[in-house]
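The block underneath contains the structure these notes are about, expressed in structure tokens.
The values are calculated or read from the model by the stated rules, or taken from the named source; none is laboratory data. Since the model is a prediction, treat every value here as computed from it, not as a measurement. Every residue, glycine among them, receives a Cβ derived from its backbone with ideal geometry; neighbour counts consider all protein chains shown. Ligands, DNA and RNA are excluded from the accessible area calculation, which covers all protein heavy atoms including side chains. Shrake-Rupley method; radii C 1.70, N 1.55, O 1.52, S 1.80 Å.
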Amino acid sequence: MIESFKFLAYHINKCGEDSIRIISEDVVHYVDLLHDEYNVFLEETKHIFPHSRDWDFLVRSHELSIEELKQKWVDEQAIREEDERIKITGHIKEIEIMKEGPGHYVYLGQVVCLDGEVNKVLAHSRELPELNQSYMIMGVMQNHPELGEVLEVHKLLSRSESSA
């Protein structure tokens, strides 16, 4: 299921929604066409999810039963304590688009908080926030392998200047 989703997401991103098609099982070379496309997809997309923890999780947990695997996934993904969530308020001063796709962005932002502290935020959203606008940002601090310490944004709320 994960591979099917990745294939569909990659295909839509590269080719657009209009290029989605179905290979009919009635076509003489159905299996060859399907396998060729899938093999090319696997090779071209092996780098797309380099920061995903899914593969590591599966390698570490491969001996568990399905029920144990499901519970372990929940246990590892859950935010353990409320203090792990961070809330900051500040102005977004810089935005660097890391990835752009149809209807979504992944961006790295620099937020200057009310106390002058500067934070890097990493967010996935449908719209880019406005520069110099005041925002309340909630998320979890992560140590990103390439970007260093960033606040992974879970919620970003615009604040009016009167409430900032």
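Please verify whether Y105 is in contact (Cβ under 8 Å) with a residue 12 or more places away in the chain and within 30 Å of C15 (Cα to Cα), treating the condition exactly as stated. Here the answer is yes, as Y105 does meet what is asked.
Does the range 84-94 contain at least one residue that is part of a helix (DSSP H, G or I), hydroxyl-bearing (S, T, Y) and at pLDDT 70 or above? Looking through the range 84-94, none of the residues is part of a helix (DSSP H, G or I), hydroxyl-bearing (S, T, Y) and at pLDDT 70 or above.
Taking the range 14-39 as the range and being modelled with pLDDT of 70 or more, open to solvent by 80 Å² or more (accessible area, probe 1.4 Å) and assigned to a helix (DSSP H, G or I) as the test, the residues that pass are K14, D32, H35, D36, Y38, N39.
Sort out which residues of the range 115-143 are among the hydrophobic types (A, V, I, L, M, F, W, C) and within 14 Å of the chain's Cα centre (by Cα), and write them in order of number. If the condition is that a residue be among the hydrophobic types (A, V, I, L, M, F, W, C) and within 14 Å of the chain's Cα centre (by Cα), then V121, L122, A123, V140 are the ones that fit.
Here is the figure for the range 130-146: residues that are surrounded by 14 or more Cβ atoms within 10 Å (Cβ to Cβ) and without any contact (Cβ under 8 Å) to a residue 40 or more places away in the chain total 1. Taken over the range 120-129, the residue count meeting the criterion of being modelled with pLDDT of 90 or more and either open to solvent by 100 Å² or more (accessible area, probe 1.4 Å) or under 24 Å from Q77 (Cα atoms) (or both) is 4.
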